[in-house]
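What follows is a single structure, written as structure tokens, with notes after it.
Rule-based calculations on the coordinates, nothing more; no lab input. These numbers were taken from a predicted model, which means no experiment stands behind them. Cβ atoms come from the backbone with ideal geometry, glycine included; neighbour counts cover every protein chain shown.
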Amino acid sequence: MQNRRAPATAITPVKEDSGLFKKGVVPFDFELVPHKARSSRGDLVIKGFFQKETQIDVIFAGRRAMETAPLELCLERAFSNAIRDAARKQTQTNIDNIRFPIHVEGSWRPHFLRDMSGWETRSYQFLVAEWSFADETGTKVVFGELPDDQ
């Protein structure tokens, strides 16, 4: 298959944002869990929840994926603390119960998965433009940037 992507050097922030946030941005609150992965494009994908039990993939794409180190550190710290507490209490912990609250502004996009029988299941992902959370000192920190047209 032909690769029709422009070279990374040709992608400006405005062009990147116009591709990612086609439908504008909305504010939302999620609880992230320390279950993360990187896509083939280098985007950070973190498992999140809203309304307590609705699961969603929260995606930090493009240039914003390079700003996620403080968030990843907080998630790793929450995971370490939960594991330490479980070991002390001699219990097991479920990773989905380790929740880290975050406020985001971004855009919803549909995602289709095909199962073994060929049926497609539609779910949604949330692409993050700007995010904020309370760091270990309780100070609110903000990362990313809203698209210029917002």
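Give Ala78, Ala69, Ala82 a once-over and let me know the one that is of a type in the set (A, V, I, L, M, F, W, C), surrounded by fewer than 19 Cβ atoms within 10 Å (Cβ to Cβ) and closer than 11 Å to Leu32 by Cβ.
Ala78 is the lone residue from the list that is of a type in the set (A, V, I, L, M, F, W, C), surrounded by fewer than 19 Cβ atoms within 10 Å (Cβ to Cβ) and closer than 11 Å to Leu32 by Cβ.
Only residues in the range 12-32 that are without any contact (Cβ under 8 Å) to a residue 12 or more places away in the chain count as the first member; pair them with residues that are of a type outside the set (S, T, N, Q) and surrounded by 12 or more Cβ atoms within 10 Å (Cβ to Cβ), Cβ under 9 angstrom, at least 6 apart or cross-chain, and list the lot.
Gly19/Ile11; Gly19/Gly62
If you go through the range 107-142, how many residues are of a type in the set (Phe, Trp, Tyr) and within 18 Å of Lys36 (Cα to Cα)?
Total meeting the criteria: 4.
Being in a helix (DSSP H, G or I) and touching a helix residue (DSSP H, G or I) at 6+ places or on another chain (Cβ under 8 Å) is the filter here; which residues of the range 54-76 pass it?
If the condition is that a residue be in a helix (DSSP H, G or I) and touching a helix residue (DSSP H, G or I) at 6+ places or on another chain (Cβ under 8 Å), then Gly62, Arg63 are the ones that fit.
Hey, can you tell me all the residues within the range 110-150 that are in contact with a strand residue (DSSP E or B) (Cβ under 7 Å, 6 or more places away or on another chain) and part of a loop (DSSP other than H, G, I, E, B)?
Of everything in the range 110-150, those that are in contact with a strand residue (DSSP E or B) (Cβ under 7 Å, 6 or more places away or on another chain) and part of a loop (DSSP other than H, G, I, E, B) turn out to be Asp115, Asp135, Glu145, Leu146, Pro147.
Looking at the range 103-119, can you tell me whether even one residue there is over 16 Å from Asp29 (Cα atoms) and of a type in the set (Val, Ile, Thr)?
no
Only residues that are touching a Gly at 6+ places or on another chain (Cβ under 8 Å) and either within 15 Å of Gly144 (Cα to Cα) or crowded, with 17+ Cβ neighbours inside 10 Å (or both): list them for the range 32-56, please.
Across the range 32-56, the qualifying residues are Leu32, Val33, Asp43, Ile56.
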